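Participant: My structure is below; once you've seen it, I'll send some questions.
Just so it is clear, none of the values below were taken in a lab; they were calculated from the coordinates. Model, not experiment: these values are computed from the prediction. In this analysis, Cβ positions are derived from the backbone assuming ideal geometry, glycine residues included, and neighbour counts consider all displayed protein chains.
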Amino acid sequence: MTWDDDIHNVYEKLVVEYVEGLEMEKTHDHDFIADMCCVVLNKLPSRYIRHDVDMQFYLTDSEREEMQERVAHAVNAALVKLQNKNSREE
């Protein structure tokens, strides 16, 4: 393992968890979900960490809640944007 394997953007995990909770794979294909996640992550701030435990230890409950709200808002906005784009193409 190299040092660059140790760093990641915490929002990636939060977005994946949120999207998995929506069970979007039942209504959207892999490409749509991947595109949507890219749109979402580009709208969120970067927050890089080495270990997930760092986020649990250093974040307050209100910071965690704010991050989850940002994810939910960004996912909903991306869904609207991509669905509107797809409906115009049909």
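Participant: Modelled label-to-label distance, Tyr58 and Lys43, 7 Å Cα→beta-carbon offset: nm?
Facilitator: According to this spin-label approximation, the distance is 2.6 nm.
Participant: Now for a separate question. Among Tyr48, Tyr58, Tyr18, determine the one that fluctuates most according to a GNM of the chain built with springs between C-alpha atoms less than 10 Å apart.
Facilitator: Taking springs between Cα atoms under 10 Å, the residue moving most is Tyr58.
Participant: While we're on this one: Helix-only mean residue ellipticity at 222 nm, the chain, DSSP H runs n ≥ 4 weighted -39,500 (n - 2.57), per residue, nearest 500. What is it?
Facilitator: It comes out at -23000 deg cm²/dmol, rounded to the nearest 500.
Participant: Going 7 Å from the Cα of Asp5 along its beta-carbon direction, which residues of the range 47-62 have the amide nitrogen within less than 12 Å of the resulting point?
Facilitator: Inside the label zone: nothing.
Participant: Further question: With labels modelled as points extended 7 Å from the Cα through the Cβ direction, what inter-label distance (nm, one decimal) is found for Val16 paired with His51?
Facilitator: 1.9 nm
Participant: Then there is this: What are the extents of the Cα atoms of the chain along their three principal axes, in Å, largest first?
Facilitator: If we take the Cα atoms of the chain, the spans are 46, 33, 22 Å.
Participant: Amide H to amide H under 5 Å from Arg47: which residues, 5+ apart in sequence or cross-chain, H placed 1.01 Å off N in plane?
Facilitator: Here the answer is Val10, Tyr11, since their amide H atoms fall under 5 Å of that of Arg47.
Participant: On to the next question. About the Cα centre of the range 1-45, how large is the charge dipole given +1 on each Lys and Arg Cβ and -1 on each Asp and Glu Cβ? Please answer in debye to the nearest 20.
Facilitator: With Lys and Arg at +1 and Asp and Glu at -1, about 240 debye.
Participant: Based on DSSP H assignment, which helices of the chain show an axial Cα extent of at least 30 Å together with a mean Kyte-Doolittle hydropathy greater than or equal to -1.0?
Facilitator: none
Participant: Now for a different question. State whether the range 30-78 is rounded, prolate or oblate according to the following rule on the C-alpha gyration tensor (a ≥ b ≥ c being the square roots of its eigenvalues): a/c under 1.5 gives rounded; otherwise a/b larger than b/c gives prolate, and the remaining case gives oblate.
Facilitator: prolate
Participant: In what sequence do His28, His8 fall when counting other Cβ within 10 Å, fewest first?
Facilitator: His8, His28
Participant: Nearest 20 debye, what's the magnitude of the dipole of the chain about its Cα centre given +1 on Lys and Arg Cβ and -1 on Asp and Glu Cβ?
Facilitator: It comes to approximately 380 debye.
Participant: Another one. Could you give the length gained on full extension between Asn86 and Gln68, defined as 0.36 nm per residue of separation minus the Cα-Cα distance, in nm?
Facilitator: Roughly 3.8 nm would be gained on extension.
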